[in-house]
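> I have a structure here, written as structure tokens, and I will follow up with some questions on it.
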Amino acid sequence: QFYHRRMSLVDVREAKEDERIQIVTISGKETRNSLDKNSLKLLASAFILANEEEENEKNTKARCIIVTGDGDEAFSSGINLHAAKDVFQMSEFDYDADVVHAMEKCEIPIVCVVNGIAINAGFEIALAADIVLVTKNAVFIDTHMDLGLLPSWGLSTKLPRAVGASNAKLASVFGEALSGEDAVRFGLAQVKVFESKSEAMTEAIRLAKQMMEKSRSTERARVALDIIDKGWEKSYGEARKIEREKAFAQYKTLPLDEMFKTPRISGRGKMRSKL
């Protein structure tokens, strides 16, 4: 399937190496793979549909999902400023456009290949994956504090658990970008820093094939994921609920018309996105 909506694209296709591996690509290089409300719905639908087919035992193909960004410069620069007002006016319970919620509920293993920048929403999408692989130009950036926003997709709850509280504060409070080397060293990303997106995708496919061979059935993989996730969520679940409730309560009080009335434009008329 190839979806096109306004500023963004979502490309969903089977890997040529193995039709059981589904590759989901966030596309829109002219805006550094930024996201709007429509593309969020399309991206979420890829995981929702795969999971529904898995639950109904109709999915005889997709046993692993790889999510990445188009090109070599960006995984995703987050919410496009032209779309920010619409996105932050969304209901807390609009799960059809909540890609992170869809990824969290997906029972199919997800590998994320971060190629280039991953800012705010892009950062949180990466955190929602089961495994993260990074290229040498990968950069994780959290600008929520700079923008006067609270994260609602897991940055304040997942990042400390992935890299430790102090390293999370380094990124989210002190504004330091985390490189691919930082991500591997802190435990946010796995294996190593890859020289190119092609190399990282090759490793993602190798890991997917290895997982499928060792699990032998979708049920085995599902149970293994569930055991790890449920154990990890003993204290995380409530923290995640509090984060989400507080963030959406804040969104309702923000002067969105004033905050997003004039999107910033970078060189050659390209839109900047830091959400």
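The values are calculated or read from the model by the stated rules, or taken from the named source; none is laboratory data. All figures in this text were calculated on a predicted structure; none of them were measured in a lab. All Cβ positions, glycine included, derive from the backbone under ideal geometry; neighbour counts span all protein chains shown. Ligands, DNA and RNA are stripped out before the accessible areas are found, and what is left, the full protein with its side chains, is counted by its heavy atoms. Shrake-Rupley method; radii C 1.70, N 1.55, O 1.52, S 1.80 Å.
> How do the pairs read when you match residues in region 148-163 that are within 11 Å of Arg240 (Cβ to Cβ) and open to solvent by 10 Å² or more (accessible area, probe 1.4 Å) with residues anywhere that are of a type in the set (Phe, Trp, Tyr) and not in a helix (DSSP H, G or I), using Cβ under 6 Å and keeping only pairs 6 or more apart or on different chains?
Taking only residues 6 or more apart or on different chains, not a single pair turns up.
> Which of the residues belonging to region 228-265 are modelled with pLDDT under 75, assigned to a loop (DSSP other than H, G, I, E, B) and loosely packed, with under 11 Cβ neighbours inside 10 Å?
Correct list: Thr262, Arg264.
> Across region 84-111, what is the number of residues that are under 22 Å from Thr253 (Cβ atoms), aromatic (Phe, Trp, Tyr) and assigned to a helix (DSSP H, G or I)?
The total comes to 1.
> Same structure, new question: Looking only at region 1-22, which residues are at pLDDT below 85, in a strand (DSSP E or B) and surrounded by fewer than 18 Cβ atoms within 10 Å (Cβ to Cβ)?
Answer for region 1-22, where residues must be at pLDDT below 85, in a strand (DSSP E or B) and surrounded by fewer than 18 Cβ atoms within 10 Å (Cβ to Cβ): Phe2, Tyr3, His4, Arg5.
> Suppose we filter region 119-141 for residues that are small (Gly, Ala, Ser) and outside any helix (DSSP H, G or I); how many remain?
Residues in region 119-141 being small (Gly, Ala, Ser) and outside any helix (DSSP H, G or I): 3 in total.
> State all residues of region 174-227 that are open to solvent by less than 30 Å² (accessible area, probe 1.4 Å), within 13 Å of Asn115 (Cα to Cα) and over 20 Å from the mean Cα position of the chain (by Cα); if no residue qualifies, say none.
Within region 174-227, none qualify.
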